[in-house]
Structures are given as structure tokens and as C-alpha cells.
Amino acid sequence: MGPRTASIAAMRTTAIQHGRAGNVRALVLVMLAFATVAAIGYFFTPGRGKPARRVLVIGWDGATWDMVDPLMAEGRLPNVARLVGRGSSARLESTKVPISSAAWVSAMTGKGPGEHGVYSFFEPVEGTYDVQLISSLSNKAAPLWRILGWHGLRSITFGVPVTFPPEKVEGAMVACMLSPFDADYAHPKALTQQLRSRGFVPDLGAWRERQEVTFERVREQLAIKEEILHEMLREDDWSLATSVFKDLDVWCHRNYDGRTDGPVAPHYELLDGVLGRLLETVGDDVDVILMSDHGFHPYQRSFFVHPWLVQQGFAVAGRAEVQLPPAPENLAERRAAEHAALLALLDLEKSIAFGGVCEAIYGGMRLNVKGREPQGALEPVDVEAALQRIEKALVEWRAPGRDGAIVRRVYRGAELYPGPHSALVPGLIFELDPTIAARSEPAKVPYGEHARAYPDHSLEGIWVAAGPSFLRMPQRGTVAVRDLAPTVLALLELPVYSEMSGAVRREELVPTIAPRFVPEADDPAARRGYRPSPADYAETDMDEVKSRLKETGYAQ
């Protein structure tokens, strides 16, 4: 038994020992391994041949150089270190706000939120104050797997956020953590049942199901996912394979403290082992990109948008005190409760602004405009003046006990992320001091210090690229999250669409890689290529999404 096989076997043994149905799962894993390969093989035609160029993208959701660098220095991430030594590394700038939904869609489309239409895990319902949980239908831009399909290339997509319901890809797709557990969350559909039978779940319990997230639970699911990935990657008939490990983000939200002797460091070591074995499976002739969508940081202070708006006179508190329910573990329910409570605390007929999505040091504010919002208090002709007043108040505000402003910069949402869907972006987006987290939850005061650090995202993620198409570059550069898609297209010698605001990482590539830039409308393959519509998705899948929205109070 080789070292990789032995390691997988050890992880699998641990998973079986600690799973909820360990002995049964042991038998099921053995019996269904061949069935899963058959389901995967349904979309990978034997004899088609290995493509001349292949790219493997591994996503560590929430990974940060603040952890990776010291762990590499201690010798605890040997596979990441070897990958860095073979190629190049960069500090990755996420979206503002740095949130997995907007960031991963930007990475997969090469476009910003105003161009693809995803800014949060929830989107406004036009003509109301309601929001609804996003789905893959929320993304209005072509992602990488669709573009590859237009050109007759096959892909593997596993766990990329905002992929439920799954698309009819050329290849195989296992959708993301927004997938209902009992829905068809994979394509082809036969693959869903095979994954479910092996004990795989599309989420560790953060969004859809109430489950206890323990380190042993993480190890169990990681072992199952890795085994399935190896089976997929051993098939030669793919040009792009993308797998996002969302479990790191889930674990960090509960435990991140920035310490190499803390509870998050062992998870990095687990992922490093998985990375090394996946690289062994695909071989040295594959270009590899290891990236995150954002980083993580332990914040000692928070700024709360809602009480600040009330304090400054831009919003008016309602008369009745609202009884807030205990925050549930399920993220969809928690954020639904927070959103409803936030608006219930305001007298909307007298408030000209209310809070938008917040993450890390970035927060948003939306204007309550007459004729657009049901109880709009701001005349449309006064919108620009209101934006200027709020912007001025933000940069001049001083937190109690602190010298200097805590707001470093204010952006106009439509200018930061222009495009046909810029209305989804808050009117104002502000950037705080890097030690202060922006929060949208209801609170009594605008600013507070924490006895225990609050773990949340940070703007800067990681990027490592190595393989036959990448140069060795010892100096660390900078990259934007939306640079992934155009770079992958260039690596696969496919046209890069001029509508993409992301850039090809030319400085990292060997001179033989020559990107071709064309408008999407001028690409014959794109003109005749498949584009999904709501009718393409199983009605049962969409019914399940609607029922979940009703459970969280977002649909009637």
C-alpha cells in the first residue's frame, strides 16, 4: 500500500469510527465505490482521450496567509510549500464585501457583482423589503464550466458556492452548501444517490440542516469527499476540475483565533494532506491553482450599522421593542431572523436609510426611496444629497474612546461594481479600520469592544499557481478574485471574453500562453452554446428551495 492510499485508508477508518452509522457505512463505501465510478463515467466517454491542457483549481474557502505562512515556516504544510516553490504566489483581493457567494461567482465568471448579479447569500425581492435566498439562477453571467461546455470540453465541479440547482454541464457537477439534503444536488442525477449512499452531505450543517459540527465530523466528510474526488480525477476526460473545500470557512467561523497552536491549524494540515494526494493523482502535467475567496481575522471590535443610522438621524427607531429570538445555528434561519428584526426595529416611513449586508471590515447601506421601497421616506430627487450627507457623517464619526476616524473609505456601490445588476449592490459601501468588523445585526450601540475576539472574514485571501504553464516567481504578487476565470481560459487556449473585468495573470505565465480576447457575442461557440433557464431545473428542486424559504420567513 502506497503512502497516499494508506493515508486515505486511515482517514476513512477514522470517518467510519466516528460516523453516526460507522459499521454500515464501511460496507456501503465498499459496495458503492464501483457504482459511483459508473455514475461519473456516464459523462466521461471512454476513449475520448486526455486533453492536451488540463487545469486543477482547489479552493480553500477562507484560507489566509496569516495562517499559511507561519504553518509553512513550521513545516506543517509541506504540499503548499512545494507548490509555492514550483510556481508563484499572490495576495488575493476578494470582493467588497468579502463573502463567499459574491467572491466565488466572481472567480468563476471573471466578473464583478454588478455584472453577474450576486452580492450576498440573499437578494432583494423587488418592490418589498424582503430578501430571498440566492440560487444558481441568481448568477446571470457564464461560469467556467458553461464556457468549457460551449467549446466541447468537459469539467468536474465539486462544491463551488452558488451552484444549486446544478447545471447540465458537460461533465459532472456536485452542487454547494445551499443544496437541500434531499434534493438532486448533483449532475447527472444518478450521482446524487451514489454520493448520498456513501454518507456524503453537501453542507456541514451551517445553512440547511442542524448538525453538530465537530472536528471528527469535518474529518469524516473530508475523507468521503477526497475519495470521491480521486475517483473523478482518475478519469482522463476532463479539461478543468474545480473543488472548493467550504468546511474550512465553517470551522473558522466557529474557532478562528489566528494562532498556529489553536483549533484551526489542524484543519489546514488536513487540507494540506488532501492537496498532496490530489496532486499525486493528477500528475505533474496539470496546471494547478490553489486559492481562497477571502481570508479570516479575529476582530476585537465591531461597528453596528443599525444603531449608527438611528444615532445620526438617518433612521428612526420604531415605537415597539422587538423580542429577538435566540440565534439558531442554521445560517439561513439566523440571517432571516436578523434581517426581519432589523427592519422591525425601524419606523420605515421616517427612515431614509437602512443597513445592507456586512462582512469583515465592509458594510453597506441602502436608501429607502419613495416609489421603490414600499414605505420609502426619501424623495428620488434627494438621493444624491442623502448619499453625500451619510458619506460625510461616516468619515467624520468618532467611536467612543478612540482617536481618529474608524471609517477609512466610502464607495458608491454602483461605481464600485458597475453593470446591469448594480442595483443589487447597496448604495453606499464603507470600509473600516482593519481591526473593526462591520456588523448588520441589531444592537443597542454603534460600537463595542469584545471580551473574546469575533472571527470573521478578511479581504485578503491566498493564491498559488504552479505547473507547466506557470513561471517560478519567488516574489509574492497581488491578484483579484475575478482573475481566475480569464486565466483559466487562457491556460486552456480558449477565448477570453472582453466583457470580463478580471485579468489574465500574464506575468505568471510562460511566454507560449497567448490569450485571445473576443467579445462573447463574437464567439461562435458561445452563440450556439447551451444556456440554462428555470425550466431546465427539476420542479421538485425549485419547490424544495421555496419550501426552505418559507421555513426561514422569506416567502409566503
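The values are calculated or read from the model by the stated rules, or taken from the named source; none is laboratory data. This one's a predicted model, so the numbers in the text were calculated from it and none came from an experiment. We place every Cβ from the backbone using ideal geometry, glycine too, and count neighbours over all the protein chains shown. When the accessible area is computed, the model is the full protein with side chains, heavy atoms only, and any ligands, DNA or RNA have been set aside. Shrake-Rupley method; radii C 1.70, N 1.55, O 1.52, S 1.80 Å.
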Computed E for ALA341/GLN375 - FRET, C-beta separation, R0 30 angstrom, nearest 0.05: 0.95
Estimated vicinal HN-Hα couplings, Hz - segment 391-406 in sequence order (Karplus 6.51, -1.76, 1.60; Gly, Pro = x): 4, 5, 5, 5, 6, 8, 5, 10, 6, x, x, 10, 8, x, 6, 9
Linear extension gain, HIS253 paired with ASP522, 0.36 nm per residue minus alpha-carbon span: 92.5 nm
Derived scalar couplings ³J(HN,Hα) [segment 104-109; Karplus, 6.51 cos²θ - 1.76 cosθ + 1.60; whole Hz; x for Gly, Pro]: 5, 5, 5, 4, 7, 10
Counted charge near TYR530, where neighbours are those whose Cβ lies closer than 15 Å (Asp, Glu -1; Lys, Arg +1): +1
Accessible area (Å², 1.4 Å probe, nearest 10) - ASP483: 10
Segment 256-296 versus segment 406-455: alpha-carbon centroid distance in Å: 29
Net charge, LEU428 excluded, C-beta distance under 13 Å - Lys, Arg +1, Asp, Glu -1: +2
For ASP456, residues with placed amide H under 5 Å, excluding near neighbours: HIS297, TYR299
Among the listed pairs LYS189/LYS246; LYS168/LYS225; LYS111/LYS246, those beyond 31 Å (Cα-Cα): none
Gyration tensor verdict on segment 453-510 (Cα atoms; rounded if a/c is under 1.5, prolate if a/b is larger than b/c, oblate otherwise): oblate
GluC sites (Glu not before Pro) restricted to DSSP loop in segment 186-281 with at most 11 other C-beta within 10 Å: GLU212
Coil-residue trypsin sites (Lys or Arg not before Pro) of segment 364-408, DSSP, other Cβ within 10 Å capped at 16: ARG372, ARG398, ARG402
Aspartates and glutamates whose Cα lies under 17 Å from that of LYS444, excluding same-chain neighbours fewer than 8 positions away: GLU321, GLU338, ASP347
Long-range amide H partners of ARG54 with built H, under 5 Å: ASP287
Separation between Cα centres of segment 103-131 and segment 59-89, rounded to whole Å: 30
Two-site FRET efficiency, GLU74 against GLU415, from Cβ-Cβ distance with R₀ of 45 Å, rounded to 0.05: 0.55
Length gained when the stretch ALA423-VAL395 is fully extended (0.36 nm per residue, less Cα-Cα span): 7.7 nm
Surface per residue (accessible, 1.4 Å probe) for segment 122-175, Å²: 27
Cross-link reach list, aspartates and glutamates versus LYS392, counting only Cα pairs under 16 Å and skipping chain neighbours closer than eight places: ASP382, GLU384, GLU431
Global form of segment 248-306, assessed from the alpha-carbon gyration tensor, a/c cut-off 1.5: prolate
Three-way shape label, segment 96-200, alpha-carbon gyration tensor, a/c 1.5: oblate
Within the accessible area of segment 65-207 (1.4 Å probe), percent carbon and sulfur: 47
Accessible area per residue, Å², segment 225-311 with all protein chains present, probe 1.4 Å: 25
Full-extension gain in nm, GLU349 to SER498, via 0.36 nm per residue minus C-alpha separation: 49.2 nm
